[in-house]
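Structure, as structure tokens:
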Amino acid sequence: MLFANQVIDGLADGAIYASLALALAFSYRSTGIVNFAQGEMAMLSAYAVWQLMTWGLPLVPATLISIAISFAAGAALYAGLVKPLSRANLLTVVSVLIGLYLALNSLAGFLWTYSIKALPSLFPKAHLQIGPLSVSIETVGIIAVVACVLLLLYLLFERTKLGLAMRGAASTPDSAELVGVPVPAMLLIGWGIAAALGALSGILVAPRVFLNPTMMFGVIIYAFAAATLGGFDSLIGAVVGGLLVGVVENLVGTYIPWIGPDLKIVVALILIFGTLLIKPDGLFGRRKVARL
Amino acid sequence: MSLLSINGLQAGYGPRRVLQGVDLTIGDGQILVVLGANGAGKTTLLRAISGTIPRAGTITFDGKRIDQLSARKVVAAGIAHVPQGRGTFADLTVDENIRLGAYLRNAADAKRNRERWLTFFPRLRERLAQQAGSLSGGEQQMLAITRALMLQPRLLLLDEPSLGLAPIITRGLVDVLAAIRKETAMTMLIVEQNANLALAIADDGMVLESGNVVLRDTAANLVGNDEVRRIYLGYE
């Protein structure tokens with residue numbers, strides 16, 4: 001029973017990693033850039049919920065508004081910083097995004113101080129008894145919310161003209177231009193969706209770790225492990241990677257006592273290292289092949 | 001009445017100017033083939049028309065100036081460009097490639113055109129669910145042409161459609177282009193190494209040399225022109 005419980009808890013953690021890993025994969029796929037500041041943006045999104053609530057809004061509307069603001073912020077980041085740098089060399093872009101990471105982290109400390117705050121959970125504090133298993137509603141809720149978001153994304157990409165155009169723009173921008181797709185607008189929307197997904201992960205994780213400027217540090221490392229394991233340019237890979245990392249992290253923390261909660265983060269690093277060593281393209285990543 | 005008329009067109013890459021001031025006209029429904037050695041500016045000419053590189057000079061299409069328009073606006077004006085190397089969306093399926101070609105058209109037009117052009121390329125119909133990147137070179141070229149036709153263009157720009165294809169595949173492709181022309185009277189500007197084949201379906205041909213038009217004549221006259229025969233058609 002302990003095992004089954006650990007797996008389900010792992011899936012809930014994994015769902016959170018998956019949504020942040022998906023955010024990373026999204027921007028990487030469309031623009032070839034890993035957004036190192038993704039986690040800090042997610043942290044600010046969680047703070048935005050807290051701020052809106054202190055101004056008197058209930059939790060659910062505050063959450064939805066924060067996700068909408070995050071979408072706009074992601075789009076603005078693309079338009080203001082990433083697109084102007086699109087011809088710069090990669091190291092420049094990476095430096096700028098790491099700079100942004102530090103700036104956002106300090107901004108949160110400046111605005112809201114470094115002392116922890118409590119963000120209420122979207123789900124009631126109760127347990128469901130499913131046969132012999134006792135699962136918290138939060139665990140089930142997190143998995144359900146992320147599953148719904150994934151379904152919506154799937155429908156967007158597979159069933160709508162906008163989704164098809166976004167995939168075309170990410171795949172071969174020059175050709176997308178030639179069929180009349182406004183490529184920069186598609187990339188803008190892609191970065192917006194990435195930030196919204198990140199916001200979701202931040203808002204889901206904040207009640208579990210308390211709100212503070214460094215709360216995403218652990219999560220972003222797991223998300224990187226998830227994206228690497230799944231293959232950085234694969235959306236399915238990010239999801240599967242996230243769930244796997246969540247489950248493995250929980251099982252290792254439970255069954256290998258000397259690792260425990262303190263060394264759990266090492267699991268993520270080993271996963272990243274192992275993936276890069278054995279299968280650098282990840283489980284679902286495309287191997288870059290050029291036909292001459 | 002000419003569909004496309006170009007005056008003093010200059011274009012290039014950075015400081016390197018490739019087109020030195022090209023003038024040309026294409027009548028509505030005409031097929032014009034551009035001949036020329038490597039580096040003469042054939043591809044650059046097509047790119048300058050479709051607005052994928054900066055250009056100077058005047059380009060009038062269907063009575064409207066298009067030389068200031070972005071690539072996307074040129075597409076919207078009705079010019080479809082099949083680039084060199086085909087430029088298919090390798091990780092999308094064949095069907096998705098075709099549907100994306102109709103991005104600027106409504107759903108009803110897209111559906112009707114898809115059926116129409118698939119009858120010209122039955123091979124693609126068999127491969128609709130396959131990833132475009134897994135197609136053979138000839139199939140990719142068919143896909144690139146179909147995708148361009150989905151726009152319902154008035155003018156089709158084709159850049160080296162036979163590049164890297166076996167002669168028999170090229171022959172089939174040219175036959176399909178001739179059939180499409182017969183049915184739709186579509187205007188085409190074709191850059192092609194295989195001058196023999198291309199001139200067979202063209203009305204006119206022109207020769208580019210170092211970014212200048214040095215010769216323009218009917219296809220029949222060009223086939224009989226000694227110099228053209230020697231340099232571009234491979235006759236001794």
Looking at the stretch A:130-152, can you tell me whether even one residue there is open to solvent by less than 40 Å² (accessible area, probe 1.4 Å) and within 11 Å of chain B (Cβ to nearest Cβ)? no
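Condition check ((1) surrounded by fewer than 17 Cβ atoms within 10 Å (Cβ to Cβ); (2) more than 17 Å from B:Ala37 (Cβ to Cβ); (3) free of Cβ contacts under 8 Å to residues at least 40 places away in the same chain) across all residues:
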| position | (1), (2), (3) |
| --- | --- |
| B:Ile168 | yes, yes, yes |
| B:Thr187 | no, yes, no |
| B:Thr218 | yes, yes, yes |
| B:Val223 | no, yes, yes |
Checking the conditions here, which among B:Ala102, B:Ala110 is buried (at least 22 other Cβ atoms within 10 Å of the Cβ) and small (Gly, Ala, Ser)? B:Ala102
Pair list, Cβ under 8 Å, 6 or more apart: the stretch A:221-233 residue in contact (Cβ under 8 Å) with a residue 40 or more places away in the chain and open to solvent by less than 20 Å² (accessible area, probe 1.4 Å), other residue of a type in the set (Asp, Glu) and not in a helix (DSSP H, G or I): A:Gly231/A:Asp281
Residue satisfying condition, being more than 24 Å from B:Ala129 (Cβ to Cβ) and either more than 14 Å from chain A (Cβ to nearest Cβ) or open to solvent by 30 Å² or more (accessible area, probe 1.4 Å) (or both), within set B:Ala90, B:Ala37, B:Ala80: B:Ala37
Given (1) part of a helix (DSSP H, G or I); (2) open to solvent by less than 50 Å² (accessible area, probe 1.4 Å); (3) farther than 30 Å from B:Ala110 by Cα; (4) of a type outside the set (Gly, Ala, Ser), number of the condition A:Leu119 does not satisfy: (1)
Scanning the stretch B:49-65 for residues that are within 14 Å of another protein chain (Cβ to nearest Cβ) and either under 19 Å from B:Thr187 (Cα atoms) or among the small types (Gly, Ala, Ser) (or both) gives B:Ile49, B:Ser50, B:Gly51
Of all residues in the stretch B:133-162 being of a type in the set (A, V, I, L, M, F, W, C) and assigned to a loop (DSSP other than H, G, I, E, B), the one that is farthest from the other protein chains (Cβ to nearest Cβ): B:Leu135
Determine whether A:Leu269 is within 14 Å of chain B (Cβ to nearest Cβ) and either open to solvent by 10 Å² or more (accessible area, probe 1.4 Å) or at pLDDT below 85 (or both). no
Only one of A:Ala42, A:Ala75 is open to solvent by less than 30 Å² (accessible area, probe 1.4 Å) and over 23 Å from A:Ile221 (Cβ atoms); which? A:Ala75
Members of the stretch A:157-215 found to be open to solvent by 40 Å² or more (accessible area, probe 1.4 Å) and more than 14 Å from chain B (Cβ to nearest Cβ), listed by number: A:Leu188, A:Ile189, A:Arg208, A:Val209, A:Phe210, A:Thr214
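The values are calculated or read from the model by the stated rules, or taken from the named source; none is laboratory data. Note that this is a predicted model, so its numbers are computed, not measured. Glycine gets a Cβ as well: all are built from the backbone with ideal geometry, and neighbour counts include every protein chain shown. Ligands, DNA and RNA are excluded from the accessible area calculation, which covers all protein heavy atoms including side chains. Shrake-Rupley method; radii C 1.70, N 1.55, O 1.52, S 1.80 Å.
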